Amino acid sequence: MGDLYLWIKAVHVIAVISWMAGMLYLPRLFVYHVGVAPGSEASETFKVMERRLLKVIINPAMIVAWACGLTMLYLGTFGAWIWVKFALVTVLSGVHGHFVKLQREFQRDENTRPAKYFRILNEVPTLIMIFVVILVILKPF
Ligand code: HEM
């Protein structure tokens with residue numbers, strides 16, 4: 001594979017780092033947001049932070065990660081590990097979709113979930129990221 005493939009992979013890894021940074025930070029904002037009164041100045045500040053994190057970082061990074069990933073999938077040949085990875089990143093994208101729904105509930109002051117829910121939810125992208133990176137670096141099968 002020529003340099004082009006390596007440039008696509010480099011952009012892929014940059015996008016993945018940004019996506020994961022946002023996916024690990026957003027649930028933390030939700031944990032703190034639960035602790036302040038709806039309509040308060042602090043709550044309005046959390047709304048701005050959550051909205052910008054999603055719109056400016058998480059959403060674009062996911063799109064670039066998928067675009068580069070699918071391009072490499074088309075250009076390269078891989079062992080069976082790539083399909084386990086594909087399943088994991090599809091679940092991760094579903095978690096992303098759930099975060100978008102949660103952000104909209106907070107935006108409308110309609111969240112009813114406790115902080116504990118977001119603390120546990122925070123671990124889901126973390127675990128998926130760990131499995132994906134081990135798979136893609138070790139390529140075990
Ligand atoms: C969003 C959907 C994704 C698709 C379709 C995808 C697909 C791919 C493909 C085809 C490669 C090239 C593998 C190679 O050349 O050996 C790759 C590389 C890589 N991917 Fe993804 N990926 C996705 C998401 C992710 C995520 C979420 C992570 C990390 C959390 C990740 C981490 C990596 C890393 C570290 C590499 C470089 C591996 C190497 O240099 O051998 N990818 N990805």
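Some observations on this one:
- Residue among R28, R51, R113 with the largest mean-square fluctuation in a Gaussian network model of the chain, springs linking Cα atoms under 10 Å: R113
- For the range 1-114: relative contact order, % (alpha-carbon pairs under 8 angstrom, 6 or more apart): 40 percent
- Choice from A15, A61, A115 showing the highest fluctuation, given a GNM over the chain with Cα pairs closer than 10 Å: A115
- Cβ-based net charge around A42, under 14 Å, with every Lys or Arg adding one and every Asp or Glu removing one: -3
- What the phi angles of the range 64-74 give under the Karplus curve with 6.51, -1.76 and 1.60, with θ = phi - 60°, is a coupling list of 5, 4, 5, 4, 5, x, 5, 5, 5, 4, 6 Hz, glycine and proline written as x.
- Counting protein heavy atoms only, the range 2-138 has 72 percent of its accessible area on carbon and sulfur, 1.4 angstrom probe.
- For the range 2-138, the mean projected area of the C-alpha convex hull, equal to one quarter of the hull surface, is 8.3 nm².
- Between I14, I58, I130, the GNM of the chain built on Cα springs shorter than 10 angstrom shows I130 fluctuating the most.
- Pairs of Lys in the chain closer than 27 Å at Cα, counting only those 8 or more apart or on different chains: 12
- Inter-part distance, the range 49-114 to the range 8-47, computed on C-alpha centroids, equals 13 Å.
- Whole-Hz Karplus values for the range 108-123 come out as 9, 6, 10, 5, 10, 7, x, 4, 4, 4, 6, 5, 5, 4, 4, 6 Hz, taken residue by residue from phi with 6.51 cos²θ - 1.76 cosθ + 1.60 and θ = phi - 60°; glycine and proline positions read x.
- Relative to the Cα centre, the charge distribution of the chain, modelled as +1 at Lys and Arg Cβ and -1 at Asp and Glu Cβ, gives a dipole magnitude of about 120 debye.
The values are calculated or read from the model by the stated rules, or taken from the named source; none is laboratory data. On a predicted model such as this, the values are computed, not experimentally measured, just so you know. Neighbour counts are summed over all protein chains in view; Cβ atoms, including those assigned to glycine, are modelled from backbone coordinates with ideal geometry. Areas reflect the complete protein model, heavy atoms only, side chains present, ligands, DNA and RNA absent. Shrake-Rupley method; radii C 1.70, N 1.55, O 1.52, S 1.80 Å.
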